[in-house]
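A short write-up of the structure that comes next.
The values are calculated or read from the model by the stated rules, or taken from the named source; none is laboratory data. What you see is a predicted model; the values in this text were computed from it and never measured. Neighbour counts run over all protein chains shown; Cβ positions are idealised from the backbone, glycine included. For the accessible areas, the whole protein counts, side chains as well, though only heavy atoms, and no ligand, DNA or RNA atoms are used. Shrake-Rupley method; radii C 1.70, N 1.55, O 1.52, S 1.80 Å.
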Amino acid sequence: MRSVWTSLVVLLLLSTEGLAQDERMARVAPVPSHTSDPILAPLFDGVRARGGEPLNMHRVLGNAPKIFKAYVDIAYALRSSADVAREFRELIILRTVQLSGGEYEFVQHRPMALSCGMSPAQIDAIANWRESSSFDARQRAVLAYADEVAAEKGVSDAAFQALAQFFNPQEIVELTITAGFYTAASRITKALDIKIEKGAGQAVSAYGKC
């Protein structure tokens with residue numbers, strides 16, 4: 001009888017441990033969403049001022065406040081200070097994170113891309129864009145460039161020249177830095193196993209309306 005009870009206790013502990021693993025936010029414990037840290041508090045308050053709440057990514061990376069602030073500054077610069085049309089920035093982000101396995105970033109940026117004029121059908125077709133008729137020549141040039149930025153051998157002259165037919169040097173640099181930044185973002189969220197928030201990606205959020 002004792003062995004039966006022992007087995008039941010072990011099973012209960014294992015199931016509870018599994019539940020805790022599923023419910024944890026990341027491999028690193030998040031900082032509080034309401035914090036008195038002099039660097040994080042203004043950043044988190046800024047998110048709330050735009051109608052949102054700090055994401056899991058914000059709270060996990062907030063463990064390194066100074067570095068996180070620099071990270072946020074780059075992200076906001078790419079979002080609000082670039083000249084290339086936001087539609088193309090979101091397109092290269094979605095393809096880049098898709099290639100990097102960045103499910104967290106893809107879910108977060110899907111509603112942003114929709115807000116910027118992409119259709120649900122286009123977003124669904126990104127994975128097989130070469131066989132799709134959903135993209136025009138400019139979009140296909142961006143997608144081809146994203147593919148080769150992610151490739152080990154790098155960008156070919158043909159892919160670069162195709163992009164240069166539609167975008168000027170400043171826009172090309174902006175797209176390239178955007179692809180590089182979100183490749184890094186994908187690696188970060190994957191390495192730290194940051195979980196996607198419940199309901200994320202369902203509607204346009206405070207994080208990126210066009």
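Tabulated values for the structure
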item: Residue list for region 159-188, restricted to those being without any contact (Cβ under 8 Å) to a residue 24 or more places away in the chain and under 20 Å from the mean Cα position of the chain (by Cα); result: Val173, Ala184
item: Among the candidates Gln165, Gln122, Gln170, residue that is open to solvent by less than 60 Å² (accessible area, probe 1.4 Å) and either modelled with pLDDT under 95 or not aromatic (Phe, Trp, Tyr) (or both); result: Gln122
item: Some residue of region 63-79 being basic (Lys, Arg), free of Cβ contacts under 8 Å to residues at least 24 places away in the same chain and surrounded by 12 or more Cβ atoms within 10 Å (Cβ to Cβ); result: no
item: Residue ID - modelled with the highest pLDDT, chosen from residues in region 173-203 that are among the acidic types (Asp, Glu) and surrounded by fewer than 20 Cβ atoms within 10 Å (Cβ to Cβ); result: Asp193
item: Residue among Ser115, Ser100 that alone is of a type in the set (S, T, N, Q) and out of contact with any Ser or Thr (no Cβ under 7 Å at 6 or more places or on another chain); result: Ser115
item: Looking only at region 23-41, and only at residues there that are touching a Lys or Arg at 6+ places or on another chain (Cβ under 9 Å) and part of a helix (DSSP H, G or I), the one that is farthest from Ile196 (Cα to Cα); result: Leu40
item: Pairs, first touching a residue at least 12 places away in the same chain (Cβ under 8 Å) and farther than 17 Å from Arg86 by Cα in region 129-156, second in a helix (DSSP H, G or I) and open to solvent by less than 30 Å² (accessible area, probe 1.4 Å), C-beta under 6 Å, six or more apart; result: Trp129/Leu143; Ser134/Gln122; Ser134/Ala125; Ala144/Ala159; Val149/Ala179
item: Those residues of region 88-107 which are of a type in the set (Ser, Thr, Tyr) and in a helix (DSSP H, G or I), in sequence order; result: Thr96, Tyr104
item: The listed residue being at positive phi and either open to solvent by less than 50 Å² (accessible area, probe 1.4 Å) or basic (Lys, Arg) (or both), out of Gly101, Gly117; result: Gly101
